1. State all residues of region 1-53 that are among the acidic types (Asp, Glu) and in a loop (DSSP other than H, G, I, E, B); if no residue qualifies, say none.
2. So which residues in region 16-61 are aliphatic (A, V, I, L, M) and over 28 Å from Ser130 (Cβ atoms), if there are any at all?
3. Being surrounded by fewer than 19 Cβ atoms within 10 Å (Cβ to Cβ) and under 14 Å from the mean Cα position of the chain (by Cα): is that true of Ala171 here?
4. Collect the residues in region 142-193 that are in contact with a Lys or Arg (Cβ under 9 Å, 6 or more places away or on another chain) and farther than 17 Å from Val101 by Cβ, keeping them in residue-number order.
5. Considering only residues that are of a type in the set (A, V, I, L, M) and within 15 Å of Leu121 (Cα to Cα), look in region 215-226 and name the one that is most open to solvent (accessible area, probe 1.4 Å).
6. Checking Gly219 against (1) farther than 18 Å from Gln62 by Cα; (2) assigned to a loop (DSSP other than H, G, I, E, B), which single condition isn't satisfied?
7. Does Gln210 satisfy the condition of being polar (S, T, N, Q), open to solvent by 50 Å² or more (accessible area, probe 1.4 Å) and touching a residue at least 24 places away in the same chain (Cβ under 8 Å)?
8. Note down all Cβ pairs under 7 Å where the first residue falls in region 171-199 and is on the phi > 0 side of the Ramachandran plot and touching a residue at least 24 places away in the same chain (Cβ under 8 Å), the second is exposed (fewer than 14 other Cβ atoms within 10 Å of the Cβ) and in a helix (DSSP H, G or I), and they're at least six residues apart or on different chains.
Amino acid sequence: MSRRLRLWVLAVGGLGFALLFGAACLRLPAFGGDHHPYGDRAVAAALARRTANVVSAVNFDQRAFDTLGEESILFAAVLGTVVLLRQTRDERQVRPSQAQVTVPVRRYALTVLPVALLVGLYVVAHGQLSPGGGFQGGVVAATALHLLYIGADYRALERIRPVGLYEVGDAVGEGAYLVLGVAGLLGGSAFLANSLIPYATFNTLASGGQVPLLNAAIGMEAACAVVVLLARFLDQAVEIEEEQGT
């Protein structure tokens, strides 16, 4: 395809998008109005299934199938990274030398690490009750572990981060979400239908039916995925060298 043809394709596509986007904007409700049909339905559905956090009710109940797609995108990105950054024949792995860390940085990182890890796990566990959830808490927990890299060195991080175990955890989180979806079909309902588990008491950890379980599966998958991603990039930066020694 020539450069001129590519520009024409881009122009036609951009024009089509502009027309559709403009038509959609014309149908939007007035700013600051009190008519919120989708929001009203989402809140009502969340309360009916005893999920205090409406955002989690939308993500893991009302549009749980869409969330499966988002989770699968992250899973595919990790898989692609693992394949692309694998050690090639003209590369060798070397042990990184121990880094010198100043005392204030070490003290700060090692103090904040358990706090950040606890916050991440808390956000995952309370995703159906308060702002946050599996995606957010999983990322916080995963990045908290890497404060050990800042506060100590790369070898200390490796001791608490067996990459193979986290790769398994990534796959288990993805699989658990699918299993919960199939359970709805086996129970005579729809895929990912929130109809098999009692909704329990409103605003408790067990409330929301299968929302806490789906949220936990996402938290596990997101945390392990981020650990694996950072591990592969850190390996390239710290341990992998070309055979020529460059």
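The values are calculated or read from the model by the stated rules, or taken from the named source; none is laboratory data. Being a predicted model, the structure only gives us computed values, none of them experimental. Glycine also receives a Cβ, built like all others from the backbone with ideal geometry; neighbour counts cover every protein chain displayed. Each accessible area value is taken on the protein alone, full model and side chains, heavy atoms only, with ligands, DNA and RNA left out. Shrake-Rupley method; radii C 1.70, N 1.55, O 1.52, S 1.80 Å.
1. Within region 1-53, Asp34 is the sole residue that qualifies.
2. Ala18, Leu19, Leu20, Ala23, Ala24, Leu26, Leu28, Ala30
3. Considered against the rule, which asks whether it is surrounded by fewer than 19 Cβ atoms within 10 Å (Cβ to Cβ) and under 14 Å from the mean Cα position of the chain (by Cα), Ala171 comes out as yes.
4. Within region 142-193, Val163 is the sole residue that qualifies.
5. Out of the qualifying residues, it is Met220.
6. For Gly219, the failing item is (2).
7. no
8. Short answer, once both residue conditions are applied: Leu192/Phe65.
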